Amino acid sequence: MEPRSARADGSPNDLVAPPGQRWRLVLARSVDAPRLAGRELAEAWEAALEATGLPIHRPAGKPHGRVAFGAPLQLGIAAEREPAEIFLAERVPLWRVREGLEAHLPEGWALIDLFDVWVGGPPLPGRVVGADYRVEIAPGVGADTLAAAARELLDARALPRVRQKGDGTVAYDLRPLLTDLSVNGSGDRPALRVRVRIHPELGTGRPEEVVAALGDRVGRALDVDAIVRERVILSGDAG
C-alpha cells in the first residue's frame, strides 16, 4: 500500500514513494511505424509499460507510468538510437527489464540497449543538445555540387529562413541551429550527414530546413528519399 498522510483539514493525502530505479533505453523506430504523436504516442507507451508486468513507478496523481523521450521525433522519420527513460518502483535485474520490454514494445519500435542510471540525475530532455541525421537525396544533383553548397552554408554568418507556425509564419536564423553538414558518397545519389542543435532558447534545427537551404544554394528544390535520425546528442557525450 502506498504511504498516506493527512492534509491540514484532516482529509487523506496520498504520498507516492520516490522511484527505486531508473532505466535509460536506447530505441529504434522504423519508418513504417504507426504515425502516432502527442497523446496517442504516450498512450501506446503507457499500455506497453503496463503489459510488461514490471513494477512501474506512477507519479502522484497519475494512473500510469510513462516513457520520457529525449526529444520529439518528427512523424515519418526513422530513428536508430533514440534515448528514453522509464522509472520503476523497485530495483529489477536487467534481464527481466529487457524481456518485459521486448515482448510488449509498441508496433514499429525496437529495443537496442538499456542502462541502469542514477535515479537522481537530471531529467533526460534537459540534457539534449543536438541530433545527427542521415538524409538520402533523390537523383538529380551531384555530390560535388551539394558539397560545395554545404560549405557555403557552413561559411555563412546567417541563414535567414521562414518557418511555418500554426496558421502563420515566423522568421528565424538557421545558422545557429546548424552545427555540421557533410556529403557522403559520389555520383547522383549522395547522402547528407546533418548535425543540428536543440536549444531551449534558440530552438531546434530541422533536417528538412537544412535541405531547403541547400536547395536554395544549388538553384532547385531537392527531393528527399529518406530521413533517418541516427542519434540524439546529450550534454557530456563524447564526440
Per-residue Cβ contact counts at 10 Å, fewest first, order I56, I86 as I56, I86
Short to long, in 10 Å steps from zero, the percent of alpha-carbon pairs of the chain per bin is 7, 27, 29, 20, 12, 4, 2, 0
Checked against the positive end of the charge dipole of segment 33-99 (+1 on Cβ of Lys and Arg, -1 on Cβ of Asp and Glu, about the Cα centre), the farthest of A37, P93, A79 is P93
Rounded to the nearest 0.05, FRET efficiency between H104 and V31 (Cβ-Cβ, R0 35 Å) equals 0.95
Candidate cut points under trypsin sites (Lys or Arg not before Pro) in segment 15-82, DSSP loop plus at most 10 other Cβ atoms within 10 Å of their own Cβ, are R35
The simple spin-label model distance between E40 and V224, using points 7 Å out along Cα→Cβ, in nm, is 2.0
Residues other than L124 with Cβ under 10 Å of its Cβ, Lys/Arg counted +1 and Asp/Glu -1, net out at +2
Given 217-224, 115-122, the highest-first ranking by average Cβ count within 10 Å works out to 217-224, 115-122
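About the Cα centre of segment 16-121, how large is the charge dipole given +1 on each Lys and Arg Cβ and -1 on each Asp and Glu Cβ? Please answer in debye to the nearest 20.
Rounded to the nearest 20 debye, it is 320 debye.
Of the GluC sites (Glu not before Pro) in segment 193-226, which ones lie in a loop per DSSP and count no more than 10 other C-beta atoms within 10 Å?
On the way: sites: E201, E208, E209; in loops: E201.
Counting only loop positions with at most 10 other Cβ atoms within 10 Å, the GluC sites (Glu not before Pro) in segment 193-226 are E201.
Rank these for me by crowding, T169, T179, going from fewest to most other beta carbons within 10 Å. Mind dumping the intermediate values first?
Working: T169 11, T179 16.
Ascending number of Cβ neighbours within 10 Å: T169, T179.
We did not get these values from a lab; they are worked out from the coordinates using the rules stated. Quantities reported herein were computed from a predicted structural model and do not represent experimental measurements. Cβ: placed from backbone, ideal geometry, glycine included. Neighbour counts: every protein chain shown.
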